[in-house]
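Just below is one structure, and these are the notes that go with it.
What follows draws every value from the coordinates through simple rules; no lab data is involved. Here the structure is a predicted model, which is why all the values come from computation and not from measurement. Neighbour counts run over all protein chains shown; Cβ positions are idealised from the backbone, glycine included.
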Amino acid sequence: MKIKLGENSYGKNAVQLSKIIRHPAYHEFRQITVNVSLKGDFDEAHTTGDNSKILPTDTQKNTVYALAKDYFKSSIEDFAIYLANYFVTTQSQVEAATIEITEHRYHRMQFDGVEHAHAYIGGGSEKQTTRVVKNASDISVQSGITDLLILKTTDSGFEKYIKDKYTTLKETADRILATKCEINWTYGNLPADYTAQFNSIRELLLQTFAGHKSLSVQQTLYAMGKAVLEAYDGIKEIHLQMPNKHHIPFNLEQFDLQNQNEIFIATDEPYGLITATVTRG
C-alpha cells in the first residue's frame, strides 16, 4: 500500500496586536487578532524532518508585528492583503498564504457630544473580520462581522410548521427575534475603500433586520443577504449564520397573573442554528 502526504499547511494563530495611531488632534486605537496559514513545498518537513523550507511560526508572528508599524494604517483588509502578498513574494516555497484578521471594536468616548481625544469604550461582543487568500496569480478577499447581537421585540412570528407526536412548541405571531450573527461576504470586485463599504453594508443589514416582517429566521436571513447583493454589484455572495437566541414566555398563570408577552426566560442552550449562503443566479 502506497502512502503519501495529502494537502497540508502551517502557520501562526492568535497573534494579538494593538496599535495606537497618533493623529494631531486624537489617538486612534486598534486591536486585532491575526491568523497566518501557509501552503507550499513543505513535503520534506513532514516526510524526512527536513526544515530547510520552513519559515518558523515565531518568525511569522514577528513579521506581523514588524509590518504593522508601517502598513497597518487603514482597513484590516488592506493589512491582510499586504501580509499575504509579503509571505508569497518573499518565500519562494510558499504557494499560497491565508491571512485572517479579527478586529475588536472600540469607540471613542463622547461627552456633551464631543469625542474624547484618547479615551475609548469597548464595542461589546461584535467584531469585524476579514479573510484573504493570496497565491501567485489570484487573490480572494472576504469581509464580515461576527458576534453581532441583534434583537427586536415584535414583527416576528413562527407558524404553520410540521407538527408530530413530539411537537410541543406553540405557534406564535408575535415573539422576540434575537440572534448573534456571523456574516461574511466575498468580493467579486475589490472596493476602493473597505472601511466605508463595511460600514455601509453593516448599516443595510441592520436596517433590513429591523424593518423585515419575519415569518421565520430563515426568511429574515434571506432578506438580509438579498438586500446586500441587490445594493452592491461588487459582492459575489454572502454567507449568514444566525443562531436563534430563544426568549421563552414565562408561565405567570401559576401566580394568577397574565403574561401578555412581557416576561421571558432567556436561554443560551439548546438553540436553533440557521445558516445559508445567498448568491447570484
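What does the charge count around Ala196 come to, taking other residues whose C-beta lies under 13 Å from its C-beta (Lys +1, Arg +1, Asp -1, Glu -1)? Could you put the intermediate results ahead of the total?
Numbers: positive: Arg202; negative: Glu77, Asp78, Asp193, Glu203.
Once all neighbours under 13 Å are counted, the net charge is -3.
What ranking, highest mean first, results for peptides 190-201, 1-12 when packing means the other Cβ atoms within 10 Å averaged over each residue? Kindly include the intermediate steps, with their values, before the conclusion.
On the way: 190-201: 15.7, 1-12: 10.2.
So the order, starting with the most tightly packed, is 190-201, 1-12.
Residue by residue, what Karplus-based ³J(HN,Hα) values in Hz, rounded to whole numbers, does the stretch 180-189 have, using 6.51, -1.76 and 1.60 with θ = phi - 60° and x for Gly and Pro?
10, 7, 10, 10, 9, 10, 10, 7, x, 10
What is the extension gain from Leu67 to Asp50, computed as 0.36 nm multiplied by their sequence separation minus the C-alpha to C-alpha distance, in nm to one decimal?
3.3 nm
How long is the gain from Ala210 to Asp268 if the chain were fully straight, where each residue apart is worth 0.36 nm and the alpha carbon distance is subtracted?
Details: separation 58, 0.36 × 58 = 20.88 nm, distance 2.21 nm.
Extra length from Ala210 to Asp268 when fully extended: 18.7 nm.
Just want to confirm a number: the relative contact order over the chain, from Cα pairs under 8 angstrom separated by 6+ residues, in percent.
Values: 524 pairs, mean separation 34.7, N = 281.
Contact order relative to length: 12 percent.
Among the listed pairs Lys12/Lys245; Lys127/Lys213; Lys73/Lys127; Lys134/Lys226, which have their C-alpha atoms separated by more than 22 angstrom in this model? Please report the intermediate quantities before stating the final value.
Working: Lys12/Lys245 33 Å; Lys127/Lys213 27 Å; Lys73/Lys127 18 Å; Lys134/Lys226 28 Å.
Cα-Cα > 22 Å for Lys12/Lys245; Lys127/Lys213; Lys134/Lys226; rest within.
Can you list the residues, at least 5 places off or on another chain, whose amide H is less than 5 Å from the amide H of Tyr120, using H built in the peptide plane?
Here the answer is Met109, since their amide H atoms fall under 5 Å of that of Tyr120.
Would you work out which of Ser9, Ile238, Ala68 lies farthest towards the positive end of the dipole of the chain, given +1 charges on the beta-carbon of Lys and Arg and -1 on that of Asp and Glu, about the Cα centre?
Positive-end residue among those listed: Ser9.
Please get the size of the charge dipole for the stretch 39-185, origin at its Cα centre, with Cβ charges of +1 on Lys and Arg and -1 on Asp and Glu, quoted in debye to the nearest 20.
Working: 17 positive and 22 negative charges, 98 e Å.
In debye, rounded to 20, the stretch 39-185 gives about 460.
Could you work out the local net charge near Leu229, counting Lys and Arg as +1, Asp and Glu as -1, over the other residues with Cβ closer than 14 Å to its Cβ? Intermediate results must be reported in sequence, preceding the final value.
Numbers: positive: Lys226, Lys236, Arg280; negative: Glu230, Asp233, Glu237.
Once positives and negatives cancel, what remains is 0.
If you work out percent of Cα pairs over 32 Å apart from the coordinates, which of (1) 18; (2) 42; (3) 23 do you get?
It is the one labelled (2).
Only Cα pairs within less than 10 Å get springs; with that Gaussian network setup on the chain, which residue of His239, His107, His46 has the largest fluctuation?
Checking each option, the largest mean-square fluctuation is seen for His46.
How would you rank 29-41, 255-267, highest first, on the average number of other Cβ atoms within 10 Å across their residues? Provide the component values of the computation, followed by the final result.
Details: 29-41: 19.3, 255-267: 10.5.
Order by mean packing, descending: 29-41, 255-267.
Can you classify the stretch 199-281 as rounded, prolate or oblate using the Cα gyration tensor, where a ≥ b ≥ c are the square roots of its eigenvalues, rounded means a/c under 1.5, and otherwise it's prolate if a/b beats b/c and oblate if not? Write down the numbers at each step before the final one.
Numbers: a/c = 3.56, a/b = 2.55, b/c = 1.39.
Prolate shape, in that a/c is at least 1.5 and a/b is the bigger ratio.
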